[in-house]
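The values are calculated or read from the model by the stated rules, or taken from the named source; none is laboratory data. Note that the structure is a prediction, hence the values are computed from the model and not measured. For neighbour counting, all protein chains shown are included, and Cβ atoms are generated from backbone atoms with ideal geometry for every residue, glycine included.
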Amino acid sequence: MSDQPFWAEEDHPKRRIAVENGVRADGVARTWWSRRFVAVLEEIGVGGRMARGKTYARAGQIVSCEVDAGSVVALVQGTRPTPYKVRIGVPAWGKAEWGRAEQALAEDAWYAAALLAGGMPPEIEEVFAGVGLSLFPATQRDLTMDCTCPDATVPCKHLAAVFYLLAERFDADPFEVLALRGRDRETLLANLRRRRGSSSAPEPVVEQQAASLGELLHAFFESPEIDLGRLVPASPEPGALLDQVPDLVITVRRRQVRALLRPAYRQFPL
């Protein structure tokens with residue numbers, strides 16, 4: 001019989017089980033919306049414990065992480081063979097709430113253009129506040145947190161690791177912030193285009209007589225008169241080109257290639 005007390009094995013820290021091809025977080029809070037997310041967590045008493053999960057997140061202990069409307073579901077590998085299931089809930093907005101938000105965004109050409117180009121201007125929080133909505137959780141009551149681990153502390157290090165990973169994913173793709181509230185990128189942009197298109201009357205159609213083939217051939221090689229001084233080079237948002245590329249079938253560490261490339265595109269000079 002061992003001379004050690006019966007509680008010695010439980011108190012002795014166990015080594016966490018390494019995860020092959022786990023979701024690894026390398027950095028965080030490089031964009032204003034990611035920094036704002038971390039600041040909100042600190043304000044409501046959650047962010048102060050994110051450091052407990054930083055080691056887990058950077059070590060790749062998160063097996064998977066799925067962001068959907070109103071929820072984040074992740075598997076985090078701890079010291080036990082079975083990964084812990086982590087759930088984070090955020091109230092998703094309904095049809096009426098999103099209708100007000102989309103109309104407010106569509107009415108201002110600046111916000112609509114920025115979102116359509118893949119960016120998120122800092123003032124967008126004011127737009128949501130103007131229609132009675134908060135883009136980020138306003139109080140701890142706006143968050144539900146659950147983990148299957150035996151730790152009684154909330155958030156535990158597994159929840160904190162997922163929060164840390166979320167902040168990095170928001171860095172890579174600001175539309176994941178909106179996806180949590182119930183609008184994915186494609187749906188939001190399609191609705192903004194529709195609302196922008198219906199906000200003004202269509203141009204009248206003027207029937208023109210078709211030119212003859214001889215007239216078309218005669219003018220084929222003529223150069224049109226263009227005032228080059230009026231042409232202004234476009235200044236697209238970094239990563240706007242990625243929005244034109246369809247999603248690839250393959251993924252890297254369970255993440256879309258387009259989302260992984262977005263931070264690199266932000267570093268390219270325009």
Original post:
Do you know which of the residues in region 21-55 that are in contact with a Pro (Cβ under 7 Å, 6 or more places away or on another chain) and farther than 12 Å from ARG169 by Cβ is modelled with the lowest pLDDT?
Top reply: ARG49
**OP:** Could you grab me the full set of residues in region 91-103 that are of a type in the set (A, V, I, L, M), in a helix (DSSP H, G or I) and surrounded by fewer than 19 Cβ atoms within 10 Å (Cβ to Cβ)?
**Re:** ALA96
**OP:** Those residues that are surrounded by 14 or more Cβ atoms within 10 Å (Cβ to Cβ) and outside any helix (DSSP H, G or I), I need them from region 111-137; list them, please.
**Re:** ALA117, GLY118, GLY119, MET120, PRO121, VAL131, LEU133, SER134, LEU135, PHE136, PRO137
Original post:
Which members of region 140-179 meet the condition of being touching a Phe, Trp or Tyr at 6+ places or on another chain (Cβ under 9 Å) and either polar (S, T, N, Q) or under 28 Å from GLN103 (Cα atoms) (or both)?
Top reply: ASP142, THR148, LEU166, ALA167, PHE170, ASP171, PRO174, GLU176, VAL177
Subject >> Test: residue in region 144-152 that is modelled with pLDDT of 90 or more, touching a helix residue (DSSP H, G or I) at 6+ places or on another chain (Cβ under 6 Å), farther than 25 Å from LEU261 by Cα and among the β-branched types (Val, Ile, Thr) >> reply: no
**OP:** For ARG58, indicate whether it is surrounded by 15 or more Cβ atoms within 10 Å (Cβ to Cβ) and modelled with pLDDT under 90.
**Re:** yes
Subject >> Filter pass, ASP173 being among the acidic types (Asp, Glu), surrounded by 15 or more Cβ atoms within 10 Å (Cβ to Cβ) and modelled with pLDDT under 95 >> reply: yes
